[in-house]
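Take a look at the structure below.
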Amino acid sequence: MRKSDSTAYALSVATGMVLWFAAMASSGRREPWDDPAYWSVVYPGAIIVSGLLGFFYSKRSWRWPLALFCGQFLAMTIRAGELGNLWPLGLLVFLVMSVPGIAVARLGEWLSGKISPRQP
C-alpha cells in the first residue's frame, strides 16, 4: 500500500468517526441518523468529503466513501459497546449509504484527471 493510500484510508475512517460522534453529541441521540440534522448536514458533508478525497487521492477513488462509512459503523459500534445481533443490517445500511459517495468520489477522480492529467 502506498503512503498516499494509507493517508487517504486514515482520513476517510477518521472523518467518518468524527462525523458520527459530532452528530451524536449535537443531537443528543444514541444513533445520530435518527435526527433530521444527520440527513441534512452530516450525510451531505460525508458525500462532499468523499468527492474531495476522490479528487486528491484519485486512484481507485471508490474506496474512500466505503472507508468513511465503515468509520461511521466503527464509531457506532464503539458507542454501543457491543455489536449485537443487528450489526449485519447496520453494515448493509452503511454500504448502501456509501453509493452516492462512490459516485461523487468518481466524479472527483474524473475532475482531477481533467485538471491535472496524469503523467504516463
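The values are calculated or read from the model by the stated rules, or taken from the named source; none is laboratory data. On a predicted model such as this, the values are computed, not experimentally measured, just so you know. Using ideal geometry, Cβ is built from the backbone for each residue, glycine included, and neighbour counts are taken over all protein chains shown. Ligands, DNA and RNA are excluded from the accessible area calculation, which covers all protein heavy atoms including side chains. Shrake-Rupley method; radii C 1.70, N 1.55, O 1.52, S 1.80 Å.
Surrounded by fewer than 22 Cβ atoms within 10 Å (Cβ to Cβ), out of contact with any helix residue (DSSP H, G or I) (no Cβ under 6 Å at 6 or more places or on another chain), farther than 27 Å from S27 by Cα and of a type in the set (D, E, K, R), is that true of R79? Let's see the steps before the verdict.
Working: surrounded by fewer than 22 Cβ atoms within 10 Å (Cβ to Cβ): yes; out of contact with any helix residue (DSSP H, G or I) (no Cβ under 6 Å at 6 or more places or on another chain): yes; farther than 27 Å from S27 by Cα: no; of a type in the set (D, E, K, R): yes.
The answer is no for R79.
Residues being more than 26 Å from R29 (Cα to Cα) and in contact (Cβ under 8 Å) with a residue 40 or more places away in the chain: count how many of those fall in the range 60-76.
First, the residues of the range 60-76 that are more than 26 Å from R29 (Cα to Cα): 60-64.
Still in the running and in contact (Cβ under 8 Å) with a residue 40 or more places away in the chain: 61-64.
The total comes to 4.
Given the condition at pLDDT below 90, of a type in the set (G, A, S) and either closer than 17 Å to T7 by Cβ or in a loop (DSSP other than H, G, I, E, B) (or both), answer yes or no: does some residue in the range 92-108 qualify? Steps first, please.
Step one: of the range 92-108, the residues at pLDDT below 90 are none.
No, every residue in the range 92-108 fails to be at pLDDT below 90, of a type in the set (G, A, S) and either closer than 17 Å to T7 by Cβ or in a loop (DSSP other than H, G, I, E, B) (or both).
Of the conditions (1) open to solvent by 40 Å² or more (accessible area, probe 1.4 Å); (2) within 20 Å of G16 (Cβ to Cβ); (3) touching a residue at least 40 places away in the same chain (Cβ under 8 Å); (4) of a type outside the set (S, T, N, Q), L111 clears all except one; give me its number.
Result: L111 fails condition (2) only.
If you scan the range 31-76, which residues turn out to be open to solvent by 30 Å² or more (accessible area, probe 1.4 Å), among the small types (G, A, S) and in contact with a Ser or Thr (Cβ under 7 Å, 6 or more places away or on another chain)?
Result: A37, single match.
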